[in-house]
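Below you'll find the structure, written out as structure tokens, and then a few comments.
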Amino acid sequence: MTEIVINGVCPVETVDLDHFDHRIIEIVRRNNLEPARAIAGQVGLSESAVLRRLRRLRATGVIMADVALIDPARLAPSITIHVLVELTKSGLRMEQEFAARLARRPEVVGAWNVTGRTDFLLTVMVPSIEAYQRFSDEVLAADDNVRDFETLVSLREIVHPNPLRGGMPV
């Protein structure tokens, strides 16, 4: 493993992977329910070797979670809103406190600490504009450290979330 320090804050350990690991990742990225026996046949390893590698990939955090991608449009009507948030005071402690508050809110489905005039970019999903108003009142307007926020309501989704579009080669 290799340790990478980002902004002098939190070390991130990278994991050394060989071509078998990359092939396994490519397969489970498409379908994490693929049986180890089938993966073994595709990558040229034994089933037990694939299982060992999958356990290691999970233990080291390369595979962060086994999740299902849900189409929210099939569950209930929702509005996707992107919010640009500018803090009054930015610094590591203030940003971490704000990020912790966001993490506790189920409406927040994505949040990024970004560069530029904005400190955070949020993706919020709510059932109605009234629900967003409650969220923005409770989380943004009530926070003394939020200087300003801009709300961008999505009209339609152009590129759908897709784990195969990670931008990283496997």
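The values are calculated or read from the model by the stated rules, or taken from the named source; none is laboratory data. Predicted, not measured: the structure shown is a model, and the values here were computed from it. Using ideal geometry, Cβ is built from the backbone for each residue, glycine included, and neighbour counts are taken over all protein chains shown. Side chains included, ligands, DNA and RNA excluded: accessible areas come from the protein's heavy atoms. Shrake-Rupley method; radii C 1.70, N 1.55, O 1.52, S 1.80 Å.
Below, the figures for the structure above:
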read-out: Scaled radius of gyration (Cα, divided by 2.2 N^0.38 Å) that the chain gives; value: 1.29
read-out: Rounded accessible area per residue of the chain, 1.4 Å, Å²; value: 68 Å²
read-out: Extension gain (nm, one decimal) between Ala141 and Ala59, 0.36 nm per residue minus Cα-Cα; value: 25.5 nm
read-out: On Cα atoms only, tilt of 47-59 relative to the major axis of the chain in degrees; value: 30 degrees
read-out: Segments 61-74, 42-55 sorted - mean Cβ within 10 Å per residue, highest first; value: 42-55, 61-74
read-out: Cα long-axis angle, helix 19-30 against the chain (0 to 90 degrees, to the nearest 10); value: 50 degrees
read-out: Net charge of Cβ neighbours under 14 Å - reference Thr115; Lys, Arg +1; Asp, Glu -1; value: -2
read-out: Size descriptor, Kirkwood hydrodynamic radius, that averages inverse alpha-carbon separations across the stretch 61-104, Å; value: 14.2 Å
read-out: FRET efficiency for Thr115 and Ala38, using Cβ-Cβ distance with R0 set to 30 Å, rounded to 0.05; value: 0.10
read-out: Stretch gain in nm, segment Glu95-Glu157, where the contour uses 0.36 nm per residue and the Cα spacing is subtracted; value: 19.5 nm
read-out: Sites Ala103 and His82, calculated FRET efficiency, Cβ-Cβ separation with R0 22 Å, nearest 0.05; value: 0.80
read-out: Using alpha-carbon coordinates, inclination of helix 92-103 to the longest axis of the chain, degrees; value: 80 degrees
read-out: Burial order of peptide ranges 150-157, 121-128, 138-145 (average beta-carbon count within 10 Å, highest first); value: 121-128, 138-145, 150-157
read-out: Summed side-chain charge close to Leu87 - residues other than Leu87 whose Cβ falls under 14 Å, Lys, Arg +1, Asp, Glu -1; value: -3
read-out: The stretch 96-155 versus the stretch 9-85: alpha-carbon centroid distance in Å; value: 28 Å
read-out: Carbon and sulfur %, accessible surface of the stretch 15-170 computed with the full protein complex present, 1.4 Å; value: 55 percent
read-out: Share of Cα-Cα pairs in the stretch 74-132 lying beyond 15 Å, as whole percent; value: 52 percent
